[in-house]
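The values are calculated or read from the model by the stated rules, or taken from the named source; none is laboratory data. What you see is a predicted model; the values in this text were computed from it and never measured. All Cβ positions, even for glycine, are placed from backbone atoms using ideal geometry, and neighbour counts span all protein chains on display. Please note that ligands, DNA and RNA were not included when accessible areas were found on the heavy atoms of the full protein model with its side chains. Shrake-Rupley method; radii C 1.70, N 1.55, O 1.52, S 1.80 Å.
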Amino acid sequence: MDASSGIIEAMFMISNSLLYPVIIILLGLVVWSLISIGQFLSEYASRSRDITKLKAGCRDAKKYMQMQDYKKAAEILKTSGSNDFLRNFLNDLIESLKESKFAVDAEKLLQDYELKITKELERARLVVKLGPMFGLMGTLIPLGPALMGLTAGNIQQLATNLVVAFSTTVLGLLTGGIAYAILLVKKRWYTQDLSDMEYVVEVLR
């Protein structure tokens, strides 16, 4: 009986010691969410996709590549990108125009940009999972002291712990919801950018 009481007491102490780290992490996730909203709105305002310009630029660049006028082809490609990922991709692709293994280099570049896009979305994916998880931890941890306060007739302790429990739940769901919304929209944006990159490579081969 003493051993089981000791184990239960140790679990209770460990659980309670995690409360403040969980709260700090949740506050950090809230700050990240606010910063991410600002970055998201800034990127949204700067995005502009002109597929007609991209197609025309690729056709003209292909024509100059066949004439071995790589400088002119590079100049045309530089002005064909609209969004940051696509523009950076075209700038990197220009360096491979003169290479005999252009198709191989272009395919490698495409794979590198797929990894960059995955990395860009990683933080939002993490917060989608971590926000509700830490919110649930922040909900459950104070319930132990709250129930103990209830059995002891300490209404103040019960109320304080319930406030903490409900607040952490809200923060966890808030950060997870914001991250999920940003993830969905950015995934659609970057999938379209990747489709445009693949189109450029196919045309220039």
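Residues checked against (1) touching a residue at least 60 places away in the same chain (Cβ under 8 Å); (2) open to solvent by less than 50 Å² (accessible area, probe 1.4 Å):
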position: Ile14; (1), (2): no, no
position: Tyr20; (1), (2): no, no
position: Leu26; (1), (2): yes, yes
position: Leu29; (1), (2): yes, yes
position: Ser33; (1), (2): yes, yes
position: Gln39; (1), (2): no, no
position: Ala56; (1), (2): no, yes
position: Asp60; (1), (2): no, no
position: Lys63; (1), (2): no, no
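Tell me, which helices (runs of 4 or more DSSP H) wholly within region 19-104 include 3 or more residues that are over 30 Å from Leu173 (Cβ atoms)? Spell out how you get there, then give the answer.
Values: elements: 19-46, 51-66, 70-78, 84-94.
Fully inside region 19-104 and qualifying: 51-66, 70-78, 84-94.
Can you find even one residue in region 84-106 that is under 30 Å from Leu136 (Cβ atoms), of a type outside the set (Gly, Ala, Ser) and out of contact with any helix residue (DSSP H, G or I) (no Cβ under 8 Å at 6 or more places or on another chain)? Break it down stepwise before answering.
Our first condition is that a residue be under 30 Å from Leu136 (Cβ atoms); within region 84-106, this holds for none.
Checked region 84-106: no residue is under 30 Å from Leu136 (Cβ atoms), of a type outside the set (Gly, Ala, Ser) and out of contact with any helix residue (DSSP H, G or I) (no Cβ under 8 Å at 6 or more places or on another chain).
Counting just the residues of region 114-131 that are under 18 Å from Leu34 (Cβ atoms) and touching a Leu at 6+ places or on another chain (Cβ under 8 Å), which one comes out most open to solvent (accessible area, probe 1.4 Å)? Let's see the steps before the verdict.
Residues of region 114-131 under 18 Å from Leu34 (Cβ atoms): 123-124, 126-128, 130-131.
Add one more test, that the residue is touching a Leu at 6+ places or on another chain (Cβ under 8 Å), and what stays is 124, 127-128, 130-131.
Working: Ala124: 9, Val127: 9, Val128: 34, Leu130: 58, Gly131: 0 Å².
It comes out as Leu130.
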So, in region 162-190, of the ones that are touching a helix residue (DSSP H, G or I) at 6+ places or on another chain (Cβ under 7 Å) and closer than 25 Å to Asp50 by Cα, which residue ends up most open to solvent (accessible area, probe 1.4 Å)? Lys187
